[in-house]
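What follows is calculated from the coordinates using simple rules that are stated; it is not laboratory data. If you're wondering where the values come from, they're calculated on a predicted model, not measured in any experiment. Quick reminder, even Gly has a Cβ in these numbers, built from the backbone with ideal geometry, and neighbours come from all protein chains shown.
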Amino acid sequence: MTTATSLVLIAIGAILAFAVSYQVAGMNIQTIGGILIAVGGIGLVISLLTLAGYAPWGESRAAGGGVQPGRTVAPGGVAPPTNIAPSTTVAPSINIAPPAAVAAAPAAPAANVAPPTNV
């Protein structure tokens, strides 16, 4: 059961337990909602504990603790992941065009200037 399935079960159970007031002969919908909430909660705990085993941080799970044979430890004390292929160094390609020449805009007439008078 995944985390998403557990959350869906919890949501459906909460709707049945708290939001539905419909009565069905022979079964209690609120009890079914409570059961779904409990099953979803148990599934959520199990899925989170399972995911915690895949966490890339923390101490190694190898017998005797410490670093597994063949692994190196980074200066921070955390072993690098082994499931990632080594990266190849690629020179960055820089595509920078020179600035385009921009023609100057014509000067606007000065504001609030009286027009020339003919004498």
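To the nearest µm²/s, what D does Stokes-Einstein give for region 3-52 at 10 °C and 1.306 mPa s, using the Kirkwood radius over alpha carbon pairs as Rh?
Diffusion coefficient, whole number: 142 µm²/s.
Spin-label point model (7 Å from Cα, Cβ direction): what's the L51 to A38 distance in nm?
Each label point is offset 7 Å from its Cα along the Cβ direction, giving 2.5 nm.
Output the peptides 44-54, 6-16, 21-31 sorted from most to least packed, where packing is the average of other Cβ atoms within 10 Å over each peptide's residues.
Most protected by this proxy first, the peptides run 6-16, 44-54, 21-31.
I15 label point, 7 Å along Cα→Cβ, cut-off 20 Å on backbone N: hits in region 32-56?
Answer for region 32-56: 32-44.
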